[in-house]
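Please treat every number below as a calculation from the coordinates, not as lab data. Predicted model, so just to flag it, every value in this text is computed and none were measured. No Cβ is skipped: glycine too gets one built from the backbone with ideal geometry, and neighbour counts run over all protein chains shown.
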Amino acid sequence: MGRFLLLFCGALAVLFTLELLNPVQAAVVQPFTGWLASVSAALVTPLDADVISTGRILMDRTTGFAVSIEAGCNGVEASIVLVAGVLAFPSLWRHKVAAILLGFVAIQALNILRIVSLFYLGQWNQHIFEWFHLYFWPILIMIDVLVVFAVYLRWLARRGEQASVAA
């Protein structure tokens, strides 16, 4: 357990440091955040033609209401926590890569639901928007990370991999 915690904290430190570097922000994080806004708009446009995205902003053309997807709201930090956990736990590299990719998709799918729901909650009631934005969704996203990691550990245990890699 001590080895896992040391590797987990080390991976967190390295990954969060990398994420904060200006070149990584410019080349990866900001374009990805803009992509999230585009995907969110594309998903709701068939039902609401007034929704557009520009950069990392999701906006209603009619009302002018908009949300900006900022750091901490793009799922990158939650994904970093998952990646650190998967990297720190002993298993085969191909299983780590699969867990990271599938976990990233699971986190981002929920995050897109989060973005869309907050967009509509904000148009309906600002107080409820704030509560969901600050409390409900951050907790739910981290629970998603924990569930994905727990499913990964359970899958490894069923395969008996942890024992064979650790031995």
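Odds and ends about this structure:
- Taking a quarter of the surface of the Cα convex hull of the stretch 1-80 gives a mean projected area of 6.5 nm².
- Packing here is the average count of other Cβ atoms within 10 Å per residue, and on that basis the peptides 23-29, 84-90, 74-80, highest first, run 74-80, 84-90, 23-29.
- Taking 0.36 nm per residue of separation and subtracting the Cα-Cα distance, full extension of the segment from residue 113 to residue 5 would add 35.8 nm.
- Selected from 101, 20, 156 as most flexible by GNM, with the chain as the system and alpha-carbon contacts under 10 Å: 20
- Shape call, the chain: gyration tensor on alpha carbons, a/c limit 1.5: prolate
- For the chain, the mean residue ellipticity at 222 nm estimated from helices alone is -22500 deg cm²/dmol, where every DSSP H run of n ≥ 4 contributes -39500 (n - 2.57) and the total is divided by all residues, rounded to the nearest 500.
- Taking the Cα centre of the stretch 2-158 as reference, the dipole from Cβ charges on Lys and Arg (+1) and Asp and Glu (-1) amounts to some 700 debye.
- Placing dummy labels 7 Å off each Cα toward the beta-carbon, the span from residue 65 to residue 143 is 2.4 nm.
- Separation of alpha-carbon centers, the stretch 102-123 and the stretch 1-36, rounded to whole Å: 20
- Reported to the nearest whole Å, the Cα centre-to-centre distance from the stretch 71-85 to the stretch 136-156 is 12.
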